[in-house]
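The structure appears right after this line, and notes come after that.
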Amino acid sequence: GGFLYGASANVAYCVAVILLVLALLLLLRVPEPPPPKEIRRITFNSVFEGLHFIRKEKVVLGAISLDLFAVLLGGAVALMPVYARDILQLGPLGLGFLRAAPGIGAVLTAAFLATSPIRDHAGRILLVFVALFGVFTIMFGVSTWAWLSIIALALIGTADMVSVVIRETLLQLWTPDPVRGRVNAVNMVFLGASNELGEFRAGFMAAWIGVVPAVVFGGVGAVVVAAAWIVIFPQLRD
């Protein structure tokens, strides 16, 4: 998407529409799943069972809230056009490289984790990479060199992918079958909200204190959150 946008916004959106149509056609070919053997009656209390489970299980609560606050503070995607135009002096193609860099880092990391999965000390690795997400965000925030900014963004994508893989695996394994759907629903709401609110936070602070301080503040905040979660959620750390 970043590379296509660097070439032309029209090309990027046309490709997006084509891929969405193909996805819809493929979805229509998926056979209807068999009905569940046991159908539970939905009550008002059952709707909130996911929230009750998350509040009770500190590992799950820590994992979900960690992502919420880290992305809320560390998100700098909304400010990339300002960096491309005013700080790095790049044109549309340069902005495309900036936008594509986190995805490149994430894809390469996903390929590595698919062949070399994390087996031990997952909680500690999760917290370390959330802290690194903040460190690389600070690096991007203060950089005035395009090549360093692109590397920093790729490393942000790397750190974020490690965090996502560990958290999503943890949530699936830690949650029992009867409430897994509802816990996942809460996680998805938090995940979407953190991205959108993170962009709002970045834009609001950029207008208030400036673009670079807004990004650096967010990166520092992500590091502080990772450090705080070591103390607040020792179950997640261990």
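Restricted to Cα positions, what overall size does region 1-90 have along the principal axes? Three whole-Å values, descending.
On the principal axes, region 1-90 reaches 58, 39, 20 Å in Cα extent.
By how many degrees, between 0 and 90 and to the nearest 10, does the Cα long axis of helix 58-74 differ from the longest principal axis of the chain?
The angle comes out near 20 degrees.
Size of the dipole of the chain about the Cα centre, Lys and Arg at +1 and Asp and Glu at -1 on the beta carbon, nothing else charged, in debye to 20?
I would put it at about 340 debye.
Name the residues whose placed amide hydrogens come within less than 5 Å of the amide hydrogen of residue 90, ignoring near sequence neighbours (fewer than 5 apart) on the same chain.
HN-HN under 5 Å from residue 90: 85.
At 1.4 Å probe size, with the rest of the protein present, what percent of the exposed accessible area of the chain is carbon and sulfur atoms?
72
So what's the back-of-envelope 222 nm ellipticity for the chain, counting only DSSP H runs of four-plus at -39500 (n - 2.57) apiece and dividing by all residues, rounded to 500?
Helix contribution divided over all residues of the chain: -26500 deg cm²/dmol.
Restricting to Cα pairs below 8 Å that are 6+ residues apart, what does the relative contact order work out to for the chain? Please round to a whole percent.
Contact order relative to length: 34 percent.
Can you tell me which of 117, 81, 102 moves the most in a GNM of the chain? Springs connect C-alpha atoms under 10 Å apart.
In the Gaussian network model the winner is 117.
Before I look further, what does the chain give for accessible area per residue, probe 1.4 Å, in whole square angstrom?
Heavy-atom accessible area per residue stands at 58 Å².
On a 0 to 90 degree scale, rounded to 10, what angle separates helix 92-115 from the longest Cα axis of the chain?
It works out to around 40 degrees.
For the chain, modelled as a GNM with alpha-carbon contacts under 10 angstrom, which of 88, 113, 27 fluctuates the most?
Comparing 88, 113, 27 in a Gaussian network model of the chain, the most mobile one is 27.
On C-alpha positions alone, give me the angle between the axis of helix 9-28 and the longest principal axis of the chain, in degrees, nearest 10.
Its long axis makes an angle of about 20 degrees.
Between 122, 207, 90, whose Cα lies farthest towards the positive end of the dipole of the chain when Lys and Arg beta carbons carry +1 and Asp and Glu beta carbons carry -1, centred on the Cα centre?
Farthest towards the positive end: 122.
Just checking my list [x] 119, 55, 38; [y] 60, 48, 38; [z] 62, 38, 36 against Cα extents along the principal axes in Å computed from this structure; which label fits?
From the options [x] 119, 55, 38; [y] 60, 48, 38; [z] 62, 38, 36, the structure gives [y].
Starting from the residue with the highest accessible area, list 80, 188 in decreasing order, probe 1.4 Å.
Putting 80, 188 in descending order of accessible area: 188, 80.
The values are calculated or read from the model by the stated rules, or taken from the named source; none is laboratory data. Everything quoted here is computed from the prediction, not taken from an experiment. With ideal geometry, Cβ positions are generated from the backbone for all residues, glycine too; neighbour counts draw on all protein chains shown. Surface areas here come from the heavy atoms of the whole protein model, side chains and all, with no ligands, DNA or RNA. Shrake-Rupley method; radii C 1.70, N 1.55, O 1.52, S 1.80 Å.
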